[in-house]
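To keep things clear, I will list the structure first and then write my remarks on it.
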Amino acid sequence: MTIVARCSCCGDILNGRHDRRRFMQMAGSAGLAAAFPFMAFAQGNYGSYEAMLLSCIDPRMQEPVRAYMEKQGLIGKYSQFTIAGAAIGVVAPKFKTWHQAFWDNLGATVQLHKIKKIIVVDHRDCGACRIAYGDASTATPEVETQTHRKVLAQFRQQAAKHRPKLAVETGLMSLDGKVETLS
């Protein structure tokens, strides 16, 4: 009986064609597959990346934030934590039960990815800002900017306490993707 195998990796074996070259190819492939995960991950070598991005869950902001990170030359070079309000979700008393989740995740990305900085992108017209600080917190563009400036300053203070060796970049993104640096 002849087996007709359509699998390119083992079809010859299933059809009874075993020569030394085929055996060596398969043994070498199996050896590499077995060794690579051990070498890369057994030692905790998950790579070294530039940053962790903290951004908001707002669906309107996903593409502008990605485009911003691309302009920074960071695609594929950062981990990401997305939470309602970005920095607001990490510092506002209204969201107190969320705070530790961020700091724990930051600790994991420092350990696994050896990041050098945190990039925080808050955004205008943020619903989490209104939940946390009331409608007056976004009443005018000037008030909204001041609210975010205060939140981002609190975030930088907390980051300095939790992870003093990390640089922190903070910005406020408009709905069109323009970022105003707030430091």
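Comparison of 151, 121 shows that the only residue that is in contact (Cβ under 8 Å) with a residue 60 or more places away in the chain and part of a helix (DSSP H, G or I) is 151. The requirement of being polar (S, T, N, Q) and modelled with pLDDT of 95 or more is fulfilled nowhere in the stretch 110-126; no residue meets it.
Here is a yes/no grid of residues against (1) over 23 Å from residue 63 (Cα atoms); (2) of a type outside the set (Phe, Trp, Tyr):
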{"residue": "100", "(1), (2)": "yes, yes"}
{"residue": "125", "(1), (2)": "no, yes"}
{"residue": "146", "(1), (2)": "yes, yes"}
{"residue": "150", "(1), (2)": "yes, yes"}
{"residue": "155", "(1), (2)": "yes, no"}
{"residue": "163", "(1), (2)": "yes, yes"}
{"residue": "183", "(1), (2)": "yes, yes"}
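Selection of the stretch 124-136 for residues being in a helix (DSSP H, G or I) and free of Cβ contacts under 8 Å to residues at least 60 places away in the same chain yields 129, 130, 131, 132, 133, 135, 136.
The values are calculated or read from the model by the stated rules, or taken from the named source; none is laboratory data. Note that the structure is a prediction, hence the values are computed from the model and not measured. So basically every Cβ, Gly included, is an ideal-geometry build from the backbone, and we count neighbours across all protein chains shown.
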